[in-house]
Amino acid sequence: MLDMNALTEPTLLFIMFLMFIGGSPASTGGGIKTTTIAVIFAAIWSLIRGREDVVIFERTVPPIIIFRALSIFFVSASVVFLTTMFLCLTEDIPLGKIFFEAVSMFSTVGLPTGTVSEMQPFSRVVIIFVMLMGRIGIISFGMALVVRRKKTKIRYPEDKFIIG
């Protein structure tokens, strides 16, 4: 068995990156999924090249899929950030270990650094909640919590926003 505490920080950071991305869709692996990150990278690449459409393997990616991929990425990153922030405020554990635990728990990987046994009971409840969010999926979890309204037939006019 590999002792996670024996690994260097760059190695742990790379492992966190891989855990956050996770497995492929329809697999039992956690994380945001490989296709989500592929769609995001393809959208960035299309933007850099000045293309209107995002194309992967000669197939155009619909804008709603790009919107979902970006939403999944940013909501997931926010959950990991907020979990890390909460645990930093409530526990006396180094930031690197807490961040690794937060990513591992959200991605449901099961690579602990042994710090969970040192945590307070309320922190453990938060960890369980984060693991549940990661296992169900961030969009599915959000949809279960929010009451969905009927689709509106109103469409507002488009406008140009200055970004970047």
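Here, each number is a calculation from the coordinates, and none is a lab measurement. For clarity, every value in this text was computed on a predicted model and none was experimentally measured. Positions of Cβ are generated from backbone atoms using ideal geometry, with glycine treated the same way; all protein chains shown enter the neighbour counts.
Starting from segment 93-164, pick out the chymotrypsin sites (Phe, Trp or Tyr not before Pro) whose DSSP state is loop and whose Cβ has at most 14 other Cβ atoms within 10 Å. Provide the component values of the computation, followed by the final result.
Numbers: sites: Phe99, Phe100, Phe106, Phe122, Phe129, Phe141, Phe161; in loops: Phe161.
Of the chymotrypsin sites (Phe, Trp or Tyr not before Pro), the ones in loops of segment 93-164 whose Cβ has at most 14 other Cβ atoms within 10 Å are Phe161.
Under a straight-distance cross-link criterion of Cα-Cα below 15 Å, which aspartates and glutamates are reachable from Lys97, leaving out those fewer than 8 residues away in the same chain?
Cα-Cα hits under 15 Å: Asp3, Glu9, Glu118.
How long are the semi-axes of the ellipsoid equivalent to the chain, from square roots of 5 times the Cα gyration tensor eigenvalues, in whole Å, largest first?
Working: eigenvalues 219, 82, 44 Å².
Sorted largest first and rounded, they come to 33, 20, 15 Å.
What are the DSSP H helices in the chain that stretch 27 Å or more along their long axis, judged by alpha-carbon atoms, and whose average Kyte-Doolittle hydropathy comes to at least -1.0? Please report the intermediate quantities before stating the final value.
Values: long enough: 63-90 (40 Å, 2.04).
Span-like helices in the chain: 63-90.
Can you tell me the dipole magnitude for segment 108-164 around its Cα centre, using point charges on the Cβ only (Lys, Arg +1; Asp, Glu -1), in Debye to the nearest 20? Walk me through the intermediate numbers first.
Values: 9 positive and 3 negative charges, 118 e Å.
Value, rounded to 20: 560 debye.
When the helix-only estimate is applied to the chain (DSSP H runs of n ≥ 4, each -39,500 (n - 2.57), divided by the residue count), what is the mean residue ellipticity at 222 nm, nearest 500 deg cm²/dmol? Let's see the in-between values first.
Details: 6 runs with 93 residues, N = 164.
Using -39500 (n - 2.57) per qualifying helix, the result is -18500 deg cm²/dmol.
Tell me, which longest segment in the chain has none of the GluC sites (Glu not before Pro) that fall in DSSP loops with at most 11 further Cβ atoms within 10 Å? Don't skip to the end; give the middle numbers.
Working: sites that count: Glu52, Glu58, Glu158.
With GluC sites (Glu not before Pro) excluded where exposed in loops, the chain gives 59-157 as its longest stretch.
Among Gly137, Ser123, Pro94, pick out the residue whose Cα is farthest towards the positive end of the charge dipole of the chain, where Lys and Arg carry +1 and Asp and Glu carry -1 on C-beta, about the Cα centre.
Positive-end residue among those listed: Gly137.
Note down the magnitude of the dipole of segment 1-73 about its Cα centre, charges +1 on Lys and Arg C-beta and -1 on Asp and Glu C-beta and zero elsewhere, to the nearest 20 debye. It would help to have the intermediate numbers written out before the result.
On the way: 5 positive and 5 negative charges, 49 e Å.
About 240 debye.
Which of Gly137, Gly114, Gly22 moves most in a GNM of the chain, Cα contacts under 10 Å?
Residue with maximal mean-square fluctuation among Gly137, Gly114, Gly22: Gly114.
Would you mind working out the magnitude of the charge dipole of the chain relative to its Cα centre, with +1 at each Lys and Arg C-beta and -1 at each Asp and Glu C-beta, to the nearest 20 Debye? Don't skip to the answer; put the middle values down first.
On the way: 15 positive and 11 negative charges, 222 e Å.
That gives the chain a dipole magnitude of about 1060 debye.
Report the relative contact order of the chain, percent, no decimals, based on alpha-carbon pairs under 8 angstrom and at least 6 residues apart. Spell out each step's value before the answer.
Numbers: 150 pairs, mean separation 35.1, N = 164.
Computed over the chain, the figure is 21 percent.
Just to confirm the filter: which trypsin sites (Lys or Arg not before Pro) across segment 7-64 are DSSP coil and have at most 13 other Cβ within 10 angstrom of their Cβ? Could the numbers behind the result be given before it?
Working: sites: Lys33, Arg49, Arg51, Arg59; in loops: Lys33, Arg51.
Answer in residue order: Arg51.
Which residues' amide hydrogens lie under 5 Å from the amide hydrogen of Val54, considering only partners 5 or more residues apart or on another chain, with H built in the peptide plane?
Placed amide hydrogens put Val61 under 5 Å from Val54.
Given R₀ = 41 Å, what would the calculated FRET efficiency be for Phe161 paired with Ser27, taking r from the Cβ atoms and rounding to 0.05? Let's see the in-between values first.
Numbers: r = 37 Å, r/R0 = 0.90.
Efficiency at R0 = 41 Å is approximately 0.65.
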